[in-house]
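Read-outs throughout are calculated quantities, based only on the coordinates presented, and are distinct from any laboratory measurement. This one's a predicted model, so the numbers in the text were calculated from it and none came from an experiment. Backbone-built Cβ (ideal geometry, glycine too); neighbour counts: all protein chains shown.
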Amino acid sequence: MIKIEAITLEEAYKEASSKLNCSITELKIEVVQSPSKGLFGLFKKNAIIVVAKEPKEDIEKISEADPEVQKNTTHTVLNDTIMPASFVSTQDEDDETTYEPVYADDVYEEDDVKETIDAIALEVKENINRLFALICFEIDEIEVSTYDENTLLIEFKGEDAALLIGKEGYRYKALSYMIFNWINTKYQMQLRLEIAEFLQNQEESISRYLVGVCEGIDRDGRAQTKILDGVLVQIALKELRDRYPEKYVAIRSTRDGMKYIIINDYHN
């Protein structure tokens, strides 16, 4: 059994056929990792398969099987190459689902395949530092740690870190969107992004503002916030939902796309 890595599954199949000197239909193939184009061209993944040559007697058994068995092994044509359907991955190449690489000589338990959150944080830290090593800003090593069991805390510090925030936080929002889509798609994790204490300052500012809003809710049972931009609306939404779990707390948009939060009783 051998491990093959290539840009596409088709190339991996062909390389395996060449190395084992046999037809693709004689191969027993396990797709360990499907290829992915990544996010904006970053973190691209190659196809990885584990392959063994199918014993000749097993192939003959398939050909001699009854019609029902043959029906389940109907062949699929892939770029003029005939392959058994059971050997073709049904996973779309753009699927971001990840798998722990498995090699022929590995001895493993099912629990070992699952990545712990600490392992995910370490992998994200290595990749994100490799990416941002190419920028012109002077920043310290990016820290990645576990904020809670579902969330990664990513911290940017250093001389030029504040420049990553941008005017009115537009760079912060862009980075937050990009990094969240990466780690949520690949690891199913949430993100808490801190850049030069920007998030902490925003949280403190919103907490001060919400004091008056909460007084209105406690008095009248309902209220709505002023227009809130970007990350502020998400911070306020979380704080209000935590404080009023029994109430209806939701984001609303104006006709021009500006956002605010309403708080009332569910029956209202």
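Residues whose amide H falls under 5 Å from that of GLN190, counting only those 5 or more places apart or on a different chain, are THR151, LEU152, with hydrogens built in the peptide plane. Which FRET efficiency value, to the nearest 0.05, is calculated for ARG252 and GLU149 with the Förster distance at 25 angstrom and r the Cβ-Cβ distance? Using R0 = 25 Å, I get an efficiency of 0.20.
Cβ crowding within 10 Å, taken as a proxy for footprinting-reagent exposure, orders VAL51, VAL213, VAL32 from fewest neighbours to most as VAL32, VAL213, VAL51. Here the spin labels are modelled as points 7 Å beyond Cα on the Cα-Cβ line, and at LYS14 and LYS167 they lie 5.1 nm apart. Within the range 117-196, DSSP assigns beta bridges of which about 45% are antiparallel (rounded to the nearest 5).
Count Lys and Arg as plus one, Asp and Glu as minus one, and take only other residues whose Cβ is under 15 Å from that of ILE154; the net charge is then -3. Of the listed pairs LYS3/LYS44; LYS167/LYS238; LYS186/LYS238; LYS14/LYS45; LYS28/LYS186; LYS45/LYS125, which have alpha-carbon separations greater than 21 Å here? Long pairs (Cα-Cα over 21 Å): LYS167/LYS238; LYS186/LYS238; LYS28/LYS186. Note on ALA174 and ASP220: the extension gain reaches 12.8 nm, defined as 0.36 nm multiplied by sequence separation minus the Cα-Cα distance. In this structure the amide hydrogen of LEU228, modeled in the peptide plane, comes within under 5 Å of the amide hydrogens of LYS259, TYR260, none closer than 5 places in sequence on its chain.
What GluC sites (Glu not before Pro) in the range 129-194 are in a loop by DSSP, with at most 16 other Cβ atoms within 10 Å of the Cβ? Of the GluC sites (Glu not before Pro), the ones in loops of the range 129-194 whose Cβ has at most 16 other Cβ atoms within 10 Å are GLU138, GLU141, GLU149, GLU159.
Neighbours of GLU138 by Cβ distance under 14 Å: Lys/Arg scored +1, Asp/Glu scored -1, total -3. ARG208: net charge of surrounding residues, Cβ under 14 Å, Lys/Arg +1, Asp/Glu -1, itself excluded? Neighbourhood net charge equals -3. Couplings 3J(HN,Hα) of the range 18-26, computed from phi: 5, 5, 8, 6, 8, 6, 4, 5, 9 Hz, in residue order, whole Hz [Karplus 6.51 cos²θ - 1.76 cosθ + 1.60, θ = phi - 60°; x for Gly and Pro].
On full extension, the segment bounded by GLU159 and ASP118 gains 12.0 nm, given 0.36 nm per residue less the C-alpha separation.
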